[in-house]
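Bear in mind these aren't lab numbers, they're just calculated from the coordinates by the rules spelled out. Here the structure is a predicted model, which is why all the values come from computation and not from measurement. Note: ideal-geometry Cβ built from the backbone for every residue, glycine included; neighbour counts use all protein chains shown.
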Amino acid sequence: MSLDNQKLKLYYNTALNLVMKCGPLMREGYEKAADNFKVKSDFYDLVTVYDKQIEDILIEGLQKEFPESKFIGEEESAISKREAELTDDPTWIIDPIDGTSNFIHKIPHCCISVGLAINKELVVGVVYNPIANELYSAYKGHGAYLNGQKIHVTNCANIRSAVVGYEISLIHAERVRDKNVKRLTKLASNSTSTRSMGSAALTLCYVAKGNFDCYHVEDLKSWDIAGGAVILREAGGVLLHTKGGEFNIMKPDLVCAATMDLAKDVMRLIEEANQITEYTIN
Ligand code: 2AM
Ligand code: CA
């Protein structure tokens, strides 16, 4: 299927408008969430209610405008328990609330993330943090924007002068704890600063607009990454598979960086971390 620019722009504008339409609902959930802290089941249910409502609005709106669409969404996948499959059809990859823990705890760093893949290529990305009023957007070949202003990655080419993003909370999962502790230790010891923001989509945008210089994450899902991946690339960033090969949105283990030299530094440190057999914490 060949994709003309006008159609691409229509996909982009429609996604932008729909995502912005969900802003008030997400803000409402953000304000309410803390009131429900004490009751654990409610607290989870509440998040699910907002996640589900936002995803429904997005899917309904996109389906209506583009009946040819397929969808991969965090909520839809949780309900259907089907392993998501990416085909050549236009496929919207949706995370209705990324940064869930931030959302619940009133840390104003959470967002709605939407990516569009056509012929398995990511071509549109919209990431919206309605709490901080930050709307990141991009479509293939047209640059990346924050609230309408063009954004670009830094020119950082060396890990020693880099600000690195890393998800500390992934250490929670025992299966991947050892690898994450080693990699975090290596990257944090060799860079200027390391930050853990709790939203993969927004961290990709932070690299895109030059707050961070690089980010490495594994074991996440397509919807955590899709929207931010387009924004990062359109802002001039490098996006690779952790081992240096081509990035795959359906198994999005990634290194992203402002420059290829920096990406190589990150991959070298990951490799060194993988070789660690013993370490001492003192
Ligand atoms: P979420 O907020 O939608 O759960 C940091 O926590 C990042 O990793 C977030 O983008 C978060 O997405 C994602 N993530 C995915 N699975 C996770 C998990 N099991 N534990 C913590 N974060 C997870
Ligand atoms: Ca997510």
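Take the chain, mark every one of the GluC sites (Glu not before Pro) that falls in a DSSP loop and has at most 15 other Cβ within 10 Å, then report the longest stretch left between them, sites excluded. Here the longest run is 86-245. This model, with +1 at the C-beta of Lys and Arg and -1 at the C-beta of Asp and Glu, gives segment 166-263 a dipole about its Cα centre of some 180 debye. Just to be sure I understand: with springs between alpha-carbon atoms less than 10 Å apart, which residue in Asp213, Asp88, Asp98 has the highest mean-square fluctuation in the Gaussian network model of the chain? Top of the fluctuation ranking is Asp88. Note on the chain: helix-only mean residue ellipticity at 222 nm, from DSSP H runs of 4+ residues weighted -39500 (n - 2.57) and normalised by residue number, equals -13500 deg cm²/dmol. Label sites at Glu65 and Ser101, each approximated as a point 7 angstrom past Cα along Cα to Cβ, lie 3.3 nm apart.
Considering only Ile171, Tyr215, Leu202, the residue lying farthest towards the positive end of the dipole of the chain is Tyr215, judged by Cα position with unit charges set on Cβ.
In this rough spin-label picture, where each label sits 7 Å from Cα along the Cβ direction, the Asp253-Thr185 distance is 2.0 nm.
If the Kirkwood radius is taken over C-alpha pairs of segment 40-134, then at 37 °C and 0.692 mPa s the Stokes-Einstein diffusion coefficient equals 233 µm²/s.
Taking a Cβ cut-off of under 13 Å around Ile151, the surrounding Lys, Arg, Asp and Glu residues balance to a net charge of +1, with basic ones at +1 and acidic ones at -1.
In the chain, taking the dipole from charged Cβ atoms about the Cα centre, the farthest positive-side position among Gly29, Phe103, Val49 is held by Phe103.
Under a Gaussian network description of the chain, with springs only between Cα atoms under 10 Å, the residue in Leu116, Leu220, Leu58 that fluctuates furthest is Leu220.
When the Cα positions of Gly61, Gly143, Leu10 are compared along the charge dipole of the chain, Gly143 comes out farthest toward the positive end, with charges on each C-beta of Lys, Arg, Asp and Glu. By the count of neighbouring beta-carbon atoms within 10 Å, fewest first, Trp92, Trp223 end up ordered Trp92, Trp223. Straight-distance candidates among the lysines for linking to Lys7, with alpha-carbon spacing under 19 Å and chain neighbours fewer than 8 residues away dropped: Lys64, Lys70, Lys120, Lys140.
In summary, the helical segments of the chain meeting the span-like criteria, namely a full DSSP H run, a Cα extent along the axis of 30 angstrom or more and a mean Kyte-Doolittle hydropathy of at least -1.0, are 40-65. Return the FRET efficiency for the residue pair Asn5, Glu121: r is the Cβ-Cβ distance, R0 is 22 Å, and the value is rounded to the nearest 0.05. Efficiency at R0 = 22 Å is approximately 0.90. Across Gly210, Gly115, Gly237, mean-square fluctuation computed from a Gaussian network of the chain (C-alpha pairs under 10 Å connected) peaks at Gly210.
Each DSSP beta bridge with both residues in segment 159-274 is either parallel or antiparallel, and the antiparallel ones are about 60%.
3J(HN,Hα) along segment 242-252: 3, 8, x, x, 5, 5, 10, 4, 7, 9, x Hz, from the Karplus curve 6.51 cos²θ - 1.76 cosθ + 1.60 with θ = phi - 60°, whole Hz, x for Gly and Pro. Dividing the radius of gyration of the alpha carbons in the chain by their Kirkwood radius gives 0.96 for Rg/Rh.
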